[in-house]
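The values are calculated or read from the model by the stated rules, or taken from the named source; none is laboratory data. Keep in mind that what you see is a predicted model, and the values were worked out from it rather than measured. Ideal geometry is used to build each Cβ from the backbone, glycine not excepted, and the neighbour counts take in all protein chains shown.
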């Protein structure tokens, strides 16, 4: 499957340059497409795991059959963290390795689901929007927490939701969506080429048994395993003295 980015990913030198990249790419976000229908084609979860002591990041991409949620294909990639931790700019730490993992897939990923934000981001350009624009594919974000935005508690039942609002102008940037009766909500936002209504419908279809989407659960488990394997391989190539010096973290 050809997953070559439509736009070459930038490697900014500092925070100011990273924000300038966000400003430039944000103009390419498409918000007026419905996107693929729930239960059709494929849906792919992406997630990352870090070992900060070694500046190592591992990404996983797990393709599911959207109708059955059976795993179609999995891929992982490992790389070096190329940008410091800065809230609001996390995509620059993750995008290169996520693109590498997606590029190893042979199946069409269909709708891509990030463990993070799209429009529900202080600069309206979270990981889901960034990835969507680079690939020009439908991408949405489902996060565990609402970042900086306010919301009212949704009703107690599965499927109940409330708007996630930008206090500066009252714009709805996402939704707090209850995926399990009586369980705290997740936070759904549009990334690129999918509507918010449709993103919520996909989220509910992907959460038949758990609070988090199956895409996220599978990708999280895979990237953690891949990180452990990468660290094991890294340690196995070092001398006993080097291992004593760096520890086993």
Out of (1) surrounded by fewer than 17 Cβ atoms within 10 Å (Cβ to Cβ); (2) under 16 Å from the mean Cα position of the chain (by Cα); (3) over 30 Å from residue 70 (Cβ atoms), the one residue 169 does not meet is (2)
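If you check residue 148 against the conditions, is it in contact with a strand residue (DSSP E or B) (Cβ under 9 Å, 6 or more places away or on another chain) and surrounded by fewer than 19 Cβ atoms within 10 Å (Cβ to Cβ)?
Values: in contact with a strand residue (DSSP E or B) (Cβ under 9 Å, 6 or more places away or on another chain): no; surrounded by fewer than 19 Cβ atoms within 10 Å (Cβ to Cβ): yes.
Taking the combined requirement at face value, the residue does not satisfy it.
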Sort out which residues of the range 166-198 are modelled with pLDDT under 95 and within 12 Å of residue 151 (Cβ to Cβ), and write them in order of number. 166, 167
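Here is a yes/no grid of residues against (1) at pLDDT 95 or above; (2) more than 17 Å from residue 212 (Cα to Cα):
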| position | (1), (2) |
| --- | --- |
| 18 | yes, yes |
| 40 | yes, yes |
| 43 | yes, no |
| 53 | no, yes |
| 70 | yes, no |
| 78 | yes, yes |
| 109 | yes, yes |
| 119 | yes, yes |
Within the range 134-145, does at least one residue satisfy the condition of being part of a helix (DSSP H, G or I), more than 12 Å from the chain's Cα centre (by Cα) and at pLDDT 95 or above? yes
I'd like to verify a number: residues in the range 42-90 that are without any contact (Cβ under 8 Å) to a residue 60 or more places away in the chain and buried (at least 24 other Cβ atoms within 10 Å of the Cβ), how many? 2
Residue pairs qualifying under the 9 Å Cβ cut-off, at least six apart or on distinct chains, with the first in the range 152-177 being at negative phi and the second being loosely packed, with under 15 Cβ neighbours inside 10 Å and assigned to a strand (DSSP E or B), are 164/150; 165/150; 166/150; 167/150
Looking only at the range 93-140, how many residues end up being in contact with a helix residue (DSSP H, G or I) (Cβ under 6 Å, 6 or more places away or on another chain), within 25 Å of residue 65 (Cβ to Cβ) and surrounded by fewer than 20 Cβ atoms within 10 Å (Cβ to Cβ)? 0
